[in-house]
Amino acid sequence: MWGCCAFVRGNGCCGAKAGLAFHPVDGILQAVPHVIALFIIPTHFTTHVGLLFLEAVWTANIHDCIHGKLWPVMGAGYHTIHHTTYRHNYGHYTIWMDWMLGTLRDPSDEEGKKVM
């Protein structure tokens with residue numbers, strides 16, 4: 001049951017049920033840095049909740065299959081490649097580090113390959 005989100009919809013594009021592909025322990029472990037950060041950088045509760053909300057919006061953005069093509073923001077197109085190859089597009093919000101380390105794969109290049 002705990003497979004890749006690409007298998008959730010069957011067409012290689014993450015959808016609304018992509019969150020069901022995660023193991024519950026994985027989801028809990030992904031929240032641990034937020035808790036640890038509270039002890040390193042004292043933050044007001046409302047600010048912390050606001051940041052968590054913005055991250056939830058971002059997560060929905062990169063899993064909604066709508067690639068906005070707003071460089072250097074890593075949108076759904078880049079993130080779908082990340083979930084289908086597991087060797088590219090590791091960045092969280094932008095493509096800078098992937099570009100510098102050679103792991104960037106552009107969705108525009110992938111579209112050309114599908115046509116042929």
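The values are calculated or read from the model by the stated rules, or taken from the named source; none is laboratory data. In this text, all values refer to a predicted model and were calculated from it rather than measured experimentally. Reconstructed Cβ throughout: ideal geometry from the backbone, glycine too, with neighbour counts over all protein chains shown.
Data for the structure
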read-out: Pairs with Cβ under 6 Å, 6+ apart, first in the range 56-71 and closer than 23 Å to GLY27 by Cβ, second part of a helix (DSSP H, G or I); value: ILE62/ALA76; ILE62/HIS79; HIS63/ALA18; ASP64/ALA76; CYS65/ALA76
read-out: Residue within the range 62-82 that is of a type in the set (A, V, I, L, M, F, W, C), over 13 Å from the mean Cα position of the chain (by Cα) and at pLDDT 85 or above present; value: no
